Amino acid sequence: MKHRIIPIFIPHLGCPFNCIFCDQNRITSQYQVPSAADVIDTIDEYLATFPRGSNKVEVAFYGGSFTAVDKKEQDKYLRAVSSYLNTAEISNIRISTRPDCIDCDTLRFLKERGVGTIELGVQSLDDGVLRECRRGYTQEDVVRACRLVREENFKLGIQLMIGLPGDSYTTAMETTAKVISLKPDMVRIYPTLIIKGTFLESMFRDGSYASLDLQDAIRISRNMFLQFQRAKIKVIRMGLQPSEELCNPDTVVAGPFHPSFGELVEQEVFKDQACQAIEAFFGSDGFFRELKIFVHKKDISKMVGYKRCNIHYLCDRFTLKNISVHACESVERDCVGIGNNAASVPEKVLTRREFCSKGDYYSCK
């Protein structure tokens, strides 16, 4: 059954800090805080569009620091969802908050009102990066919050950002390793964007901060993504949701924004995975001028790449006349199969797990 999410955006609600990179109003295209009645209206609107029998529907409160909101306001929001939990129209409530806004009493309060998933806006596990971004907490606070969330049997999500002031490829990889040790159920990876009106824009203007370019952001995200996959931790999103406001040219001053950022990262992964699969195929079956690549039907666009960039790259790298990409029922998601031009099914298949088993994850570059 498809997992469906009903998003409720509460920009800046409850957040005690104004981090240098943040403007939740522009990011979510929402400037008013919704009322409990608005929450009910939003849920009804979404449910009306879902097929009957959709039994995995989740209401998610995004944008603010939910547990920093006054308890009475939290209670109003959660009670607005409770009747849908009672009728099983909604299966779970997800909230997003800061690591330093978690304690045992708060977790009990949330559990009693049907919350099952907590996402923590961690951003980095490097104390220097956290200080430069004025996050107001430390790595130790994050570890403590994650431990409490896990002990109370909530599902744990961790949101990360790359390219923050003080961040580097090394600190991003170190953060990834530390996050894996915390054993979250899911992770989000966001490249830092310079939003108009933030302090980060001032740093960018005076030259004290330089943003990542798109290719560097893709490269870092690719390696983080593969490490999480190797650890069997689901990456549920890469890149910000391309809202109408975010796509407005006056919103993003600079930074690696792309409306399909996550797709670009996965295209890079498929390209490198195909490189390894082709080399293994040639090593055992000899050289061919034309090849077929077999993938799951839902992975075709990721394998082909934007404007067939992956196919062009692979043809050039292996001096091939042609590569054709085919959907194959026997090939599972995230796998790459290779066959000669006459093959109807793959002769060799490289799974994502096998690909991830190499410590350096193999790079064509």
Indicate the gyration tensor shape class of the range 267-356 (rounded, prolate or oblate), computed on the Cα atoms with a ≥ b ≥ c the square roots of the eigenvalues: a/c under 1.5 is rounded; otherwise a/b larger than b/c is prolate and the rest oblate.
rounded
Among T170, T42, which comes first, then next, by fewest other beta-carbon atoms within 10 Å?
T170, T42
Please list, short to long, the whole-number percent of alpha-carbon pairs of the chain in consecutive 20 angstrom bins beginning at zero.
27, 53, 20, 1
Could you point to the residue in I195, N55, S65 farthest towards the positive end of the chain's charge dipole, with +1 and -1 charges on the Cβ of Lys/Arg and Asp/Glu respectively?
N55
Angle in degrees between helix 71-86 and the longest Cα principal axis of the chain, rounded to the nearest 10:
60
The simple spin-label model distance between K178 and E329, using points 7 Å out along Cα→Cβ, in nm, is 4.9
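Can you give the charge dipole size of the chain about its Cα centre, rounded to the nearest 20 debye, using +1 on the beta carbon of Lys and Arg and -1 on the beta carbon of Asp and Glu?
Dipole magnitude for the chain comes out near 880 debye.
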Given contacts defined as C-alpha pairs under 8 Å and at least six residues apart, what's the relative contact order of the chain, whole-number percent?
13
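If neighbour count is taken as other Cβ atoms inside 10 Å, put V304, V269 in order from fewest to most.
Final ranking by Cβ density, sparse to dense: V304, V269.
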Summed over the other residues with a beta carbon less than 15 angstrom from that of V129, with K and R at +1 and D and E at -1, the charge totals -3
Would you mind calculating the gained length between A36 and Y169 on full extension (0.36 nm times residue separation, minus the Cα-Cα distance), in nm to one decimal?
43.6 nm
Given +1 on the Cβ of Lys and Arg, -1 on the Cβ of Asp and Glu, and no further charges, what dipole in debye does the range 267-356 carry about its Cα centre, rounded to the nearest 20?
300
Listed residues R147, R289, R131, most fluctuating in the chain (Gaussian network, C-alpha, under 10 Å)
R289
DSSP beta bridges in the chain: the antiparallel percent, rounded to 5, is 20
Taking r as the C-beta separation of E112 and D250 and R0 as 30 Å, the FRET efficiency to the nearest 0.05 is 0.10
What share of the DSSP beta bridges in the range 176-334 is antiparallel, in percent to the nearest 5?
15
At 7 Å along the Cα-to-beta-carbon direction for both K56 and F282, put a label point, then send me their distance in nm to one decimal.
4.0
Step by step: find N for the range 78-167, compute 2.2 N^0.38 Å, then divide the Cα radius of gyration by it. What's the final number?
1.23
Among Y190, Y306, Y46, which comes first, then next, by fewest other beta-carbon atoms within 10 Å?
Y306, Y46, Y190
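Values in this text are rule-based calculations from the coordinates and carry no lab data. Values in this document were obtained by computation on a predicted structure and should not be read as measured data. Neighbour counts run over all protein chains shown; Cβ positions are idealised from the backbone, glycine included.
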